[in-house]
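Working notes, beginning with the structure itself.
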Amino acid sequence: MKKVNLAVVGATGMVGRTFLKVLEERNLPIESIYFFSSSRSAGSTITFNGKEYTVEELTETSFDRGIDIALFSAGGSTSEKFSPIAASKGCVVVDNSSAWRMDPSVPLVVPEVNSHDIEWNKGIIANPNCSTIQAVVALKPLHDKYKIKRIVYTTFQAVSGAGMGGYNDLEQGLKGEAPKKFAHPIAGNVIPQIDVFLPNGYTKEEVKMIKETKKIMGSESLKITATTVRVPVFNGHSESINVEFENQFDLDELKEILKNSPGVIVQDDPANNVYPMPIYTSGKDETFVGRIRRDESVESGVNLWVVADNIRKGAATNAVQIAQELIKMWSK
Ligand code: A2P
């Protein structure tokens with residue numbers, strides 16, 4: 001297996017720290033590793049695989065040292081500026097921000113769904129939005145078998161999706177403090193707004209889910225609508241997904257397909273109150289599916305409850321899986 005030089009950009013952030021954990025767990029063939037942040041955290045130290053590293057400030061010359069793969073999670077504007085610089089130095093950027101996701105020259109990848117798209121990267125690969133990743137892991141195998149016609153997404157998203165600031169708002173909010181990150185208190189509340197509103201009344205998060213699902217599934221004709229909601233959960237996004245198929249399906253067969261799909265764990269035993277919940281899926285890499293039942297109001301439809309760790313599968317794990325696929329491809 002080819003050994004690689006790796007960089008983590010945004011190493012001190014919520015997703016950045018999880019990059020480190022997942023990299024350690026998956027034991028990637030790393031020759032050397034570098035950690036970058038803004039000037040705020042530069043100079044601080046990070047322990048990786050038992051060794052201490054100093055965090056460096058990200059600059060235009062940061063990639064002048066033969067870095068093969070850079071995992072970015074430092075926000076859209078940092079990525080817009082620095083991803084092309086890294087790519088021009090021969091590095092492949094796996095970017096967790098939304099900056100490049102809809103660029104037609106950039107693959108948008110969930111390895112269980114479209115790892116083949118990694119091959120045509122030109123130096124930047126985009127990691128999808130967290131809520132989209134877990135949805136498509138569950139939906140792609142069903143689309144392949146029954147052809148999806150329409151999707152209705154309703155999400156229940158954890159505060160960790162808004163980074164450290166979001167996490168702190170819930171933690172401090174539970175002690176009675178006013179919010180700093182969100183427009184409203186999140187403790188004891190639900191906020192039907194994630195990201196900014198667009199002229200059509202949808203939020204950016206909702207439009208991301210709609211557009212990214214189509215791009216990853218390679219199906220522009222899918223009809224999709226979404227409502228995304230922030231809930232007072234520390235970690236782990238939950239989603240109610242209503243799906244309508246072109247073709248008829250057998251419910252037991254559909255459950256079997258999900259049970260045998262990569263990255264999916266079915267937890268569906270209503271008689272024993274078994275269904276996925278974010279406190280139990282936190283820390284896991286799989287996408288959990290339950291409450292699987294026919295939508296009796298349409299000809300051929302199903303309701304799913306889909307839960308995953310938004311910081312792991314929804315961000316860090318997915319990006320590290322892409323890095324692993326790249327290394328596999330280079331080692332052939
Ligand atoms: P820093 O610690 O210096 O602020 P989160 O989403 O959890 O808030 O984390 C954001 C991450 O992105 C942090 O590691 C942060 O570093 C990093 N970051 C923010 N702005 C920049 C920038 N301009 N250049 C490099 N890293 C940045």
Exercise. Taking θ as phi - 60°, what are the ³J(HN,Hα) couplings along segment 306-313 by the Karplus curve (6.51, -1.76, 1.60), each to the nearest whole Hz, with x for Gly and Pro?
Worked result: 10, 10, 8, 6, 5, 7, 8, 4
Exercise. When only Cα pairs under 8 Å and 6 or more residues apart are kept, what is the percent relative contact order across the chain?
Worked result: 18
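Taking a ≥ b ≥ c as the square roots of the Cα gyration tensor eigenvalues, with a/c under 1.5 meaning rounded and otherwise prolate when a/b beats b/c, else oblate, which class fits segment 105-159?
Values: a/c = 2.60, a/b = 1.31, b/c = 1.98.
In terms of gyration-tensor shape, oblate.
Full-extension gain between ASP295 and GLN193, please, as 0.36 nm times their residue separation minus the C-alpha to C-alpha distance. Working shown, then result.
Details: separation 102, 0.36 × 102 = 36.72 nm, distance 2.67 nm.
Net length gain for the segment: 34.1 nm.
Considering every Cα-Cα pair within segment 91-223, what fraction, in whole percent, is farther apart than 17 Å? Intermediate values should be presented prior to the final figure.
Values: 5591 of 8778 pairs.
Across segment 91-223, Cα pairs with separations above 17 Å total 64 percent.
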Problem set entry | Helix-only mean residue ellipticity at 222 nm for the chain, each DSSP H run of n ≥ 4 adding -39500 (n - 2.57), per residue, nearest 500 | -9000 deg cm²/dmol
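For the chain, what proportion of DSSP beta bridges, expressed in % and rounded to the nearest 5, is antiparallel? The partial results should precede the final answer.
On the way: 28 of 59 bridges.
Expressed as a percentage, antiparallel bridges in the chain total about 45.
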For this session: For LYS147, list the lysines whose Cα falls under 16 Å from its own Cα; do not include residues on the same chain fewer than 8 positions away.
Result: LYS214, LYS215, LYS223, LYS255
For this session: Estimate the FRET efficiency between ASP64 and SER221 by the formula 1/(1 + (r/R0)^6), using the beta-carbon distance for r and 56 Å for R0, to the nearest 0.05.
Result: 0.80
Exercise. If you find the alpha carbon centre of segment 190-252 and of segment 253-332, how far apart are they in angstrom?
Worked result: 15
For this session: Starting from the amide H of ALA226, placed 1.01 Å from N in the peptide plane, find each other amide H under 5 Å away whose residue is 5 or more places distant or on another chain.
Result: TYR153
Exercise. At q = 0.24 Å⁻¹, what log₁₀ I(q)/I(0) does a Debye calculation on the Cα points of segment 154-237 give, no solvent, two decimals?
Worked result: -1.09
Exercise. What FRET efficiency, computed as 1/(1 + (r/R0)^6) with R0 = 22 Å and r the Cβ-Cβ distance, is obtained for GLN172 and VAL229, rounded to the nearest 0.05?
Worked result: 0.60
For this session: Rounded to the nearest Å, what's the spacing between the alpha carbon centres of segment 162-181 and segment 1-67? Just the number, please.
Result: 27
Exercise. In segment 195-262, what percent of the accessible surface is made up of carbon and sulfur (1.4 Å probe, ligands and nucleic acids excluded)?
Worked result: 50
Seminar exercise, completed: Per the 1/(1 + (r/R0)^6) rule, R0 = 41 Å and r from the Cβ atoms of ARG150 and LYS89, FRET efficiency to 0.05 is 0.40
Problem set entry | Equivalent ellipsoid semi-axes - Cα gyration tensor, the chain, angstrom | 32, 24, 18
Seminar exercise, completed: Rounded to a whole number, the Stokes-Einstein D of segment 131-309 in µm²/s (Kirkwood radius over Cα pairs; 20 °C; 1.002 mPa s) is 127
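Can you tell me the alpha carbon radius of gyration of segment 75-147 divided by the globular rule-of-thumb value 2.2 N^0.38 Å?
Details: Rg = 13.3 Å, N = 73, 2.2 N^0.38 = 11.2 Å.
So segment 75-147 has a normalised radius of gyration of 1.19.
Please compute the per residue accessible area over segment 131-309 with all protein chains in place, 1.4 Å probe, rounded to a whole number of Å². Don't skip to the answer; put the middle values down first.
Values: 8320 Å² over 179 residues.
Averaged over the residues of segment 131-309, the accessible area is 46 Å².
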Exercise. Can you give the % of DSSP beta bridges in segment 162-304 that are antiparallel, to the nearest 5?
Worked result: 75
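Can you tell me how much longer the chain between LEU251 and SER77 gets when fully stretched, taken as 0.36 nm per residue apart minus their C-alpha distance, in nm with one decimal?
Working: separation 174, 0.36 × 174 = 62.64 nm, distance 4.49 nm.
Stretched out fully, the LEU251 to SER77 stretch lengthens by 58.1 nm.
Counting only Cα atoms, I'd like the Rg/Rh figure for segment 229-320, Kirkwood definition for Rh.
Using only Cα positions, Rg/Rh for segment 229-320 is 0.99.
Report for segment 260-325 the percent antiparallel among DSSP-assigned beta bridges with both residues inside it, nearest 5.
Details: 6 of 9 bridges.
Of those bridges, close to 65 percent are antiparallel.
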Exercise. Using Cα atoms only, what is the angle between the long axis of helix 14-26 and the major principal axis of the chain, expressed in degrees (0 to 90) to the nearest 10?
Worked result: 90
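The values are calculated or read from the model by the stated rules, or taken from the named source; none is laboratory data. Not measured: the values here are computed from a predicted model. A quick note on method: Cβ atoms are made from the backbone with ideal geometry, for glycine too, and the neighbour counts reach across all protein chains shown. These accessible areas exclude ligands, DNA and RNA; they are computed on the full protein's heavy atoms, side chains included. Shrake-Rupley method; radii C 1.70, N 1.55, O 1.52, S 1.80 Å.
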